[in-house]
Amino acid sequence: MTGQPPRMFGTSIVGVGEYRYSYASGRSGHAPAAAFSPRAAANVVYLPDGVDAHADALSRLGPHTTSVGCLYLKDVDAVDLDVLAEVVAASSTALRDGTFARRARQGGA
């Protein structure tokens, strides 16, 4: 979807692409533009622009839960993979095009 090779971010996050962020406090860093982590409880898909930006698509996804910027999938076989690809691509595009101003935890766009 992104056309970029995957790489490890830390010990358990597989990501592609990268973006830089900075807070008003002066803290800054980098994070993957699209990422997931296979966890025991659920596979986690990270959405840096926040799950709220994808509410319409997520309503069509299938069984999942969410937090501010994370999508949790207990059974990947039970979700619509085309919708998942749509969500990840849209999130990555929002980062690349700069169509959101802040990270999800800061309140989204």
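Worth pointing out:
- Inter-residue pairs, beta-carbon under 6 Å, first touching a residue at least 60 places away in the same chain (Cβ under 8 Å) and of a type outside the set (A, V, I, L, M) and in segment 37-50, second surrounded by 12 or more Cβ atoms within 10 Å (Cβ to Cβ) and in a loop (DSSP other than H, G, I, E, B), 6+ apart: Asp49/Phe100
- Considering residues of segment 66-93 that are within 13 Å of the chain's Cα centre (by Cα) and over 15 Å from Gly50 (Cα atoms) only, the residue surrounded by the fewest Cβ atoms within 10 Å (Cβ to Cβ): Ala85
- Condition broken by Gly17, with the remaining ones in (1) of a type outside the set (A, V, I, L, M, F, W, C); (2) at positive phi; (3) at pLDDT 95 or above satisfied: (3)
- Of the residues making up segment 6-65, those that are surrounded by 11 or more Cβ atoms within 10 Å (Cβ to Cβ), assigned to a loop (DSSP other than H, G, I, E, B) and polar (S, T, N, Q) number 1.
- Test for Ser91: is it part of a helix (DSSP H, G or I) and touching a Phe, Trp or Tyr at 6+ places or on another chain (Cβ under 9 Å): yes
- In segment 10-23, the residues that are closer than 12 Å to Arg96 by Cβ reach residues that are among the hydroxyl-bearing types (Ser, Thr, Tyr) with C-beta atoms within less than 7 angstrom, at least six apart or across chains, in these pairs: Val16/Thr2; Gly17/Thr2; Gly17/Ser92.
The values are calculated or read from the model by the stated rules, or taken from the named source; none is laboratory data. As the structure is a prediction and not an experimental result, all values here were calculated from the model. Neighbour counts are summed over all protein chains in view; Cβ atoms, including those assigned to glycine, are modelled from backbone coordinates with ideal geometry.
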